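Notes follow the structure.
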Amino acid sequence: MPPFAITADFHIHHGRMPDFLPLVLDNARSSQRNEPGCRRFDVLIPQAGSDWLRLYEIYDSEADFDVHCRTPHFLAFKAATGDMVARLVVERFALAGQ
């Protein structure tokens with residue numbers, strides 16, 4: 001199976017980024033530490049600063065991403081941040097040439 005990637009653009013309610021950022025960083029660290037199928041999990045913040053950020057994640061397979069979405073740390077992150085997120089856009093990708 002080819003590697004699988006996603007981007008997730010989180011648009012955060014104004015003023016909530018200071019609350020959101022440590023939670024998303026903890027989710028990223030937990031994913032890389034505890035999920036064998038997670039190859040990469042980057043939290044990208046625009047240099048100009050704003051109320052959105054982008055996640056860039058690579059998994060061994062789409063099935064590994066599905067496992068990620070059921071992990072206790074992801075479910076805790078989702079519950080803790082639900083009221084902070086104004087909009088979420090997730091896009092799925094195959095890695096070309098892999």
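Values quoted throughout were computed directly from the atomic coordinates according to the rules given, and no laboratory measurement underlies them. Computed from a predicted structure; not experimentally measured. Please note: Cβ atoms are built from the backbone with ideal geometry, for glycine as well, and neighbour counts cover all protein chains shown.
Enumerate the strands (runs of 3 or more DSSP E) found wholly within the range 3-98, keeping only those where 3 or more residues are crowded, with 16+ Cβ neighbours inside 10 Å.
Details: elements: 4-12, 38-44, 52-59, 85-94.
Output list reads 4-12, 38-44, 52-59.
Just checking, how many residues over the range 8-65 are over 26 Å from Leu95 (Cα atoms), aliphatic (A, V, I, L, M) and touching a residue at least 12 places away in the same chain (Cβ under 8 Å)?
4
I'm told Ile58 meets every condition in (1) aliphatic (A, V, I, L, M); (2) under 13 Å from Phe10 (Cβ atoms); (3) in contact with a strand residue (DSSP E or B) (Cβ under 6 Å, 6 or more places away or on another chain) except one. Can you identify the failing condition by its number?
Single failed check for Ile58: (2).
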